[in-house]
Structures are given as structure tokens and as C-alpha cells.
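Q: Could you have a look at this structure, given as C-alpha cells, before my questions?
The values are calculated or read from the model by the stated rules, or taken from the named source; none is laboratory data. Everything quoted here is computed from the prediction, not taken from an experiment. So basically every Cβ, Gly included, is an ideal-geometry build from the backbone, and we count neighbours across all protein chains shown.
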């Protein structure tokens, strides 16, 4: 004969079941977000917390954009032709691997022609190049290749493969110093490289969740979406490197007057300039408050539509501003480049009036 459970026990079981369901839903939402977030956002979350500048290249998307039909083992000529086409469309200058591509393809058996994506993360303490590999990559075979090239195998799976400055010239010409030390992270599907073993070790800890990773640019990374290439700066870095302080006195005076006429600007907390698959360029700027973003949407649109002191001429010589919007704390300008203008390459180093602080 079944016994009725006391009312208190039934209530406790109901509460426990409800809490369990809530936990399952929360975990499910987090899993869905992680699985469906853009690759740029996932890659940025692997960068060390001290990173100030990110340079993004979605190599898969770039290959589609230029119509490059390459297999898993392209010839060196095919790699060179692909990169030449990408350069002509301003789609390769964010990469640290272009000059190394031929030797990488021949000796390391990967290159920009086969990688999914690349994120160069630079900060005051060092730099790492984070490389996204295809899902079917054999990381054990990749390790065997590194060992055959002269890299010293680490004791731990996530450890640093030591090469050094003397090894790279023996492997082949044109290899960037960023390839001196390498870490293979099969669980994350990435390879991380650096010219400094100690900084690479710290970067591995950030990428594997053992230490803090970059979060200060999350707003502009989200706003950038899934671009082909992008340059992403922390607010402090942008305000220092895109500011009008690098211009001569005459240009600085003109810039001050243009900013005053536009109604002034607020300091940014993050900055991203990204080339989208459609060919236009988004400029995302985050601010401390929604009010600051609302005010800067108009003023920075005005600044992007007139003279370009420090750059020369008018911004309209380079692009047409097609929209300027504010969403919460983020302002986004959309630029339609004039044919033949390398807007991303030209305007990610200062002085840039509409990005001044």
C-alpha cells in the first residue's frame, strides 16, 4: 500500500525539481550562446586580459570572398596567388602570417590558405597569434610535424613547444618571430604562437580558463558580428593611438574646432573597425553610458562626413557614411568605401578625427 508523503517533503521535492529545471535551462542557454556566438567573439575570449589590440582575419570567409577554391594541401603557388588577391582587396593586412605563408605551407603543413581564422593579440607584456584550425585537424600529427622540424616537445599536452630564434631560419625563409614558440590546444581547436615562451604560457592559461581573459572590448566585438577582417582596440589604446595628438599643430587646431562644432565627444571604452562580407565597413565605439553613446552618434557622424585633418583631404574622398546609430552604450557607423580606397588599413592608425577622444 502506497503511503502519502508529508506535505513538507512534497513541497521540498517540488522546490528542488524547480531549481533543477532552472539550472538545466540556464546551462542550456549558455551552451546555445557558446555554440552560436560568432567566431570573432569566441576567439577574443581566448586572448589574455592584458591585450590592448586585436587583429582579426576570418580566413575561411576571405577565401570565399575572393573565390579561392583550395584543398587541404594547396601548392605554394596557389597560396601565393590567394594572398595576392586578398591583399588587393585589403583583406590580409590584419594577419601576422602573410610573409610566412609559403614556408608554413611547405614545412608546417598549414597556412592562411587552410586555417579557419587568425587573431593576433597584442599588449604591453607581449603578443600571441591565436590560430583557429578546422574541426578535423589531427593535433597529434601536427605535433609530430613540429618535432620533425626541430621544436622541443613539452612534457604536458598544453605545454609550450620550444623553437627559438635560431631554429626558424633553419626551417625556411620568411618566418615571423611569432612562430618561435607554439602551444597546441586541441580541446579549444586552436594553436597559439608567440616570440616569448613566458608570455605564451600565460596566454595558454587565459585560453584554457585558468586565468583572466580579455573582456573590456566585449561590446564592440559583439557589435562587429562576423567580419572578414577587423582591428579592435581597448578604449585606452584607441584614445592614445587614434587621437589627434599625432597630427601637426595646424591639423590639431582644425580638429579642435571641428569637434567643438560637432558638439564634443566622450572617451571610448572600446573601438572596432571591421570589413563585412557585403564590402562595407562598420566602426563600433563603446562608451561608459547610454547617454554618452546617444550624444556621440551624432557628433561622430558629423566628424566622419567632413575634413580629415591629419589624414589629408576629406573623409568623403575615402568613403560614404551610410548610417550612424546608437544601441545602448555602443555607437556604430557604417562606411561604404570608395573604390580603390583601403579604408581599414588607412584608418586604424591615427590621427583619425571621428575616433578621437
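Q: Of all residues in segment 44-79, which are free of Cβ contacts under 8 Å to residues at least 40 places away in the same chain and touching a helix residue (DSSP H, G or I) at 6+ places or on another chain (Cβ under 7 Å)?
A: Residues satisfying the conditions are 66, 76, 79.
Q: Now for a different question. Take residue 121 and decide whether it is crowded, with 19+ Cβ neighbours inside 10 Å and not in a helix (DSSP H, G or I).
A: Taking the combined requirement at face value, the residue satisfies it.
Q: In segment 282-306, what count of residues is obtained for those that are in a helix (DSSP H, G or I) and touching a residue at least 12 places away in the same chain (Cβ under 8 Å)?
A: 13
For every residue, the table says whether it meets (1) at pLDDT 95 or above; (2) in the same structural domain as residue 141 (by TED's automatic domain parsing); (3) surrounded by fewer than 22 Cβ atoms within 10 Å (Cβ to Cβ); (4) part of a loop (DSSP other than H, G, I, E, B).
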site	(1), (2), (3), (4)
174	yes, yes, yes, yes
187	yes, yes, yes, yes
203	yes, yes, no, no
230	yes, no, no, no
254	yes, no, yes, no
259	yes, no, yes, no
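Q: Need the failing condition index for residue 320 against (1) closer than 28 Å to residue 59 by Cα; (2) surrounded by fewer than 15 Cβ atoms within 10 Å (Cβ to Cβ); (3) out of contact with any strand residue (DSSP E or B) (no Cβ under 6 Å at 6 or more places or on another chain); (4) touching a residue at least 12 places away in the same chain (Cβ under 8 Å), just the number.
A: Result: residue 320 passes all but (3).
Q: Hey, does segment 261-281 have a residue that's in contact with a strand residue (DSSP E or B) (Cβ under 7 Å, 6 or more places away or on another chain), outside any loop (DSSP other than H, G, I, E, B) and either at pLDDT below 95 or surrounded by fewer than 20 Cβ atoms within 10 Å (Cβ to Cβ) (or both)?
A: No, the conditions are met nowhere in segment 261-281.
Q: In segment 93-113, how many residues are without any contact (Cβ under 8 Å) to a residue 24 or more places away in the chain and part of a loop (DSSP other than H, G, I, E, B)?
A: Qualifying residue count, segment 93-113: 0.
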